[in-house]
1. Report, in degrees rounded to the nearest 10, the 0 to 90 angle that the Cα long axis of helix A:60-72 makes with the longest principal axis of chain A.
2. List the trypsin sites (Lys or Arg not before Pro) within segment A:30-81 that fall in a DSSP loop (any state other than H, G, I, E or B) and whose Cβ has at most 12 other Cβ atoms within 10 Å.
3. So in the protein assembly as shown, what percent of DSSP beta bridges are antiparallel if you round to the nearest 5?
4. Using only the alpha-carbon atoms of segment A:26-131 as identical scatterers, what base-10 log of I(q)/I(0) does the Debye formula give at q = 0.21 Å⁻¹?
5. Any chance you could give the angle, 0 to 90 degrees and rounded to 10, that helix A:90-99 forms with the longest Cα principal axis of chain A?
6. Just need the Rg to Rh number for the protein assembly as shown, please, alpha carbons only, Kirkwood Rh.
7. For segment A:130-212, which GluC sites (Glu not before Pro) are both in a DSSP coil and crowded by at most 13 other Cβ atoms within 10 Å?
8. Pull up the cross-link candidates among the lysines for residue A:138, meaning alpha carbon to alpha carbon under 28 Å and not fewer than 8 places away within one chain.
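Readers should treat all values here as calculations from the given coordinates under stated rules, not as data from a laboratory. Remember, it's a predicted structure, so these values are computed and weren't measured experimentally. In this analysis, Cβ positions are derived from the backbone assuming ideal geometry, glycine residues included, and neighbour counts consider all displayed protein chains.
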Amino acid sequence: MVSYSDKQLIKGNYAIAEASVKAGCECYFGYPITPQTEIGEYLSQRMYDLKRGYVCAESELAAINMVIGAVSTGAKAMTSSSSCAVALMQEALSYACSDELPVVLINVMRAGPGLGYIYPAQGDYFQSVYGGGNGDYKLTVLAPSNVQECIDLTYRAFYLAQKWRNPTMVLADGLLGQMMEPASFGEYPYPEVDNSSWALTGAKGREGRAIYSCARDEDEHNAKIRRLFEKYDLIAKEETTWEEFNTEDADVVLVAFGSMTRNIKAAMKVLRSQGIKAGAFRPVTLSPFPTERLNQLADSVDKFVVVEMNMGQMINDVKLAVNGKSDVKLVNRPVGEWLSVEEIVAGVKNIIGDKTYASV
Amino acid sequence: MEKNYIIAGFGGQGVLFAGKVLANAFMLAGKNVTWYPCYGAEMRGGTVNCEIVVSDDEVSSVHKQDVDCVIALNQLSFDRFISRIKKGGMLICNSSLIEEIRPREDISYIFSPMTDKAVDSGNPKLTNMVSLGVLSNEETALNVEILEKAIDIVLPEERKKLAKSNMEAIMLGIDKLVTA
């Protein structure tokens, strides 16, 4: 007798879309762009059926500002886009951070810079974590590594956005968006956050409210930004998450984010089977970044090898975390075909100098 | 153990559909599985392919250079993917559209006139399902019950009536007597 799994085989984009519905997203605003168009396509029917809000906006700029408008009223809302179009939203993200609005944004990365191309890449790490908007601000950024996590981290994005009143991004990539894997939705696992103290719901029976991105004077402005950064510190303290594998006795630790996580885990196993004490480390939250844990690991780890589908972006944060205690090297390809397990193994061996292990 | 499959053919031959049925079948067989399509400009007019990676553990990566098994539904796919098959791997060919030659000696071949069989069954569009029948002869994890359930999952509600003809095509692929 065959035992059938209760999971369903689903595309990453559809998984994100349905997860947003289950998380209670009341309004979706978006503009199509490969490789994430299925999110808007799916929601165009689903939101209509549920009598929730759906607008195919006239531009990305319009879409993200519609989200700002919707979440200002206390509604859960999101948009989704990709790389060069997320670039168009940067101004609004700076505003949303300053306004402290629970915007949810999905970025299914394609290859850049410029228009780039539709194959996958991880070139938006800087854009997501450091931002292209003006002023001091930080998004919360979550990076899924498989389709199940596309669901889990979309749920978490809605929760964190509400809990901290801070724009939260799910940073996926074309690989995750297009692939199908078995996954299950379960129920939205987080409590609902009370936003009655700030949401703009009409002033009937109470004092009027307004949400401003700017302060009235210099002192107030300084205080506002300091308060924002105290909040970011709290987010870092409470929400930083990562995964690590075989780091206890590791001489070399592979570091990757998003869907590259799978490849470094497989490469780690191959290296272990060849007698090389390899470990793997994967930030789940890119912002806040697990700086402290990497710094601890650097006490016992000789080398960190950062594996990215870009010219080396997260490696900067790894270097800052390691703070000179260990060597940090890069194995990368700018865009396109994901680095294979064999390429990563070869890259690591090249870096550590295979001489040490010549007898293996 | 991890194993990957590529199904490739013309746009319109049902390559992605067959891949989804296969991926669901492996999932139902209790395996971890990832399905990944070629997408974008490649789809318009040229060949289409999708990769299915199956593993007892977590699937490590997709978009692999080497392939364990290729199902080629047309000559272009045969020519394109033969060099990517691992030593000891398998090439399953639709001999209705592919010349029966064996350029490499380090892989095994199965030639089956899939389109002819599909035409005999009354619908040339079912070439893709015949190919899954042929593959299921080689895969212990696959059987008729699992494939039937997988087709039911993949077919949308309004097309459920096609399940029967899809299964018949799979049976034609499974039937080795007809192949000979």
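1. Compared with the principal axis, the helix lies near 60 degrees.
2. On the way: sites: A:46, A:51, A:52, A:76; in loops: A:51, A:52, A:76.
The qualifying sites are A:51.
3. Working: 27 of 74 bridges.
In the protein assembly as shown, approximately 35 percent of DSSP beta bridges are antiparallel ones.
4. -1.09
5. Tilt of helix A:90-99: around 70 degrees.
6. Working: Rg = 25.2 Å, Rh = 24.9 Å.
On the Cα set of the protein assembly as shown, Rg over Rh gives 1.01.
7. Details: sites: A:149, A:187, A:192, A:207; in loops: A:187, A:192, A:207.
Taking segment A:130-212 and a limit of 13 other Cβ atoms within 10 Å, the loop GluC sites (Glu not before Pro) found are A:187, A:192, A:207.
8. Filter leaves A:22, A:76, A:163, A:224, A:231, A:237, A:319, A:325, A:329.
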